[in-house]
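S.K.: The following block contains the structure, expressed as C-alpha cells.
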Amino acid sequence: MSIKKSGEGLKRVIGVPALAATIVNNTIGAGIYVLPAIVALQIGAAGILEYFFCAIMLVSIMLCYAEIGSRITATGGSYIYVEAAFGPVAGFLVNWLFFLGWGSIGSAAIMNLVADSAAVLFPIFSGLLMRALLFLVLLGLMVLVNVRGAKLAVRFVEYITVIKLIPLFGIIVFGFIRIKSGNLHWEHLPAAKAFGETALVAFFAFAGFETSLNASGEIKNPNRTIPFGIFMGGIFVFSIYILIQLVAQGILGPEIARFKDAPLAAVANRIVGPIGATVILIAAIVSCLGNTTGDVLASPRLLFAGANDGFFPKILARVHPRFATPYVAIISYALLIFIFSISGGFKQLAVLASCSLLLIYLGVVLATVKLRMKKGDGSEKTFKAPGGLITPLVAATAIIWLLLHLERNEILSTGVFIAFIGLVYLLMTVLRKKA
C-alpha cells in the first residue's frame, strides 16, 4: 500500500545523495563535540558499548522509517505517518510534539550554542542585544535560502556538511596514530543504571535523521530514495561517532574529565596545538548552523502539512508562486525559533523536548506495524524492513526502556504537555465545525 497526497504544489528535487547528506547534517551536530566526555565520565572506556547500543536502536528505528516512508510519500514525515495509521488526533499530537516539543526548542538551544561559541572568539556576543541581532541575521539568511527552494537549501546544507566534517576527519586520521591502547582498556561491564542514564544522553546525539523526511513531498522516487538515503546516511553517522569516541578516549584517557566542555578541542590541541582547538571551535559553530538550516528546511513542512489538513491556519499552506516552497510556514517557524532563542525559556524544556522525540519515534514504529498489517493493492512495490516484527519490536522495546529512565517530574511535565495539546485539538475542532 502506498499513500500519497496530490496537489501539494511542491517539486520533487531531493535525490539519494542529497537525502543522505541532510541526514548526516541533521544528525552530526554540536553533540558530537561534547559527547565523548559525557560518555567517558559516566562509564569510562566501556563507553564504546553505548554507541553500539544506540546504533542497534537507531538502525531498528531507521528501518521502520524507511518502510513507512516508502509507503507514504506525502509531505509531513513522522506526522503524516502516524496520522495515516492512527487518525488525525494522533497525527496532530505528533505534529505538535515535533515542531514545538522537539524542533523549534531544539533549534533555539543550538542557536544559543552558536552564540556561546562565537562569544569565545568575539566577547561582544555575550550581551543579550548582540546575541539577539546574531540570531536575527542568521535565521534571516536561513529563511532566504529555504524560501528560494528546497534544491538550493539542500545544496547549502551539503556544503555545510562537507565543511563541518573536514575537522572531524582530521581528528580521526591524525589522532588514530596517537591513541594509547591502555586508555581503551576496561575490565568490567558498566552498571545497568549508569548505562541507561548515559544511553539516554548518547541517544539524542544520534537523533535527527527523521527531520529530513519531513520534506517527503519533495523527494524524487521516494520508494527507492528514502530507504537508500537512510541507509547511506545512517552508516556514515555511526562510523564517524564510533571513531571519534575511540580517538578521544584513546588520546585523553582519564584526563578527559578535565575537558568535559570541549573534549574534541582538547584532542585537536594535542594533535596540532592551540590552532587546532580554534578550528574545532569554528567547526562546532558551522555544525550548529548546519543543523538549524536543515531543521528550517524540514520542520516547516509539518506546519504546511497540518495546514493542508485544516489543523493549522490555512495561511501556513501557502506555496510561493515562483519558488514553489511553503514560504509562510518557513518564516513562521524561523520566527518561533527566534522567540525561544532570546527568551531562554527553552532551557527548562530541554528534557521535555528529548522525551517528545522518543514518543514520536514510538508512534512511528507502532504506525509501521499497523500499516504493515493492511493489505494494499500490490500495484506498487515498497520497501519492507527485514526481520518481520522483530525489527519494530526491538525499536519499541529500546524506546520504552529509555523512557523508563526519565524522572517522575519529567514524566509529569510530559503528560501535562500532551494534555495541553489535546485541549488545543478539541478547541480547533470546535472552531472548524463552527466555521
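Read-outs: derived from the displayed coordinates by stated rules, not from any lab. What you are looking at is a predicted structure, and each value in this text was computed from that prediction instead of being measured. Every residue, glycine as well, gets a Cβ built from its backbone with ideal geometry; the counts of neighbours run over all protein chains shown.
S.K.: Is there a pair in 314/434; 370/433; 151/314; 314/374 whose C-alpha atoms are over 21 Å apart, and which pairs would that be? It would help to have the intermediate numbers written out before the result.
M.R.: Working: 314/434 16 Å; 370/433 30 Å; 151/314 25 Å; 314/374 32 Å.
Checking Cα-Cα distances, 370/433; 151/314; 314/374 exceed 21 Å.
S.K.: While we're on this one: Between region 292-322 and region 156-199, how far is it from one alpha carbon centroid to the other, in angstrom?
M.R.: 36 Å
S.K.: Something else: Nearest 20 debye, what's the magnitude of the dipole of the chain about its Cα centre given +1 on Lys and Arg Cβ and -1 on Asp and Glu Cβ? Before the final figure, lay out each step's value.
M.R.: Values: 33 positive and 18 negative charges, 248 e Å.
The calculated dipole for the chain is roughly 1200 debye.
S.K.: Return the calculated 222 nm mean residue ellipticity for the chain, to the nearest 500 deg cm²/dmol, obtained by summing -39500 (n - 2.57) across DSSP H runs with n ≥ 4 and dividing by the residue count.
M.R.: On the way: 17 runs with 298 residues, N = 435.
It comes out at -23000 deg cm²/dmol, rounded to the nearest 500.
S.K.: For the ranges 401-410, 63-72, 268-277, what's the packing order if you count other beta-carbon atoms within 10 Å of each residue, average per peptide, and put the highest first? Could you put the intermediate results ahead of the total?
M.R.: Working: 401-410: 13.3, 63-72: 26.2, 268-277: 16.2.
Going by the mean number of other Cβ atoms within 10 Å, highest first, we get 63-72, 268-277, 401-410.
S.K.: Given springs between every Cα pair under 10 Å in a Gaussian network model of the chain, which of 145, 364, 137 has the largest fluctuation?
M.R.: Highest fluctuation of the listed residues: 137.
S.K.: Next up: Can you list the DSSP H helices in the chain whose Cα atoms extend at least 27 Å along the helix axis and whose mean Kyte-Doolittle hydropathy is 0.0 or higher? Spell out each step's value before the answer.
M.R.: Details: long enough: 48-71 (35 Å, 1.48); 128-147 (28 Å, 2.55); 150-175 (37 Å, 1.63); 222-252 (44 Å, 1.41); 274-298 (37 Å, 1.56); 350-373 (36 Å, 1.89); 408-434 (39 Å, 0.97).
Qualifying helices: 48-71, 128-147, 150-175, 222-252, 274-298, 350-373, 408-434.
S.K.: Taking the Cβ of residue 251 as the centre, find all other residues whose Cβ is under 14 Å away and add up their charges (Lys, Arg: +1; Asp, Glu: -1). Present the calculation step by step, with values, prior to reporting the outcome.
M.R.: On the way: positive: 178, 180, 258, 270; negative: 255.
Summing Lys and Arg as +1 and Asp and Glu as -1 gives +3.
S.K.: Hey, another quick one. Relative contact order for the chain: what percent, with Cα pairs under 8 Å and sequence separation of 6 or more?
M.R.: 36 percent
S.K.: Something else now. Distance from the Cα centre of region 389-410 to that of region 11-59, in angstrom?
M.R.: Region 389-410 and region 11-59 have Cα centres separated by 18 Å.
S.K.: Around residue 416, under 14 Å between beta carbons, what's the net of Lys plus Arg minus Asp minus Glu among the other residues?
M.R.: Details: positive: 408; negative: 410.
Surrounding charge for residue 416 is 0.
S.K.: Sticking with this one: Work out the charge dipole of the chain with +1 on the Cβ of Lys and Arg and -1 on the Cβ of Asp and Glu about the Cα centre, then indicate which of 234, 320, 303 is farthest towards its positive end.
M.R.: After comparing all options, I get 320.
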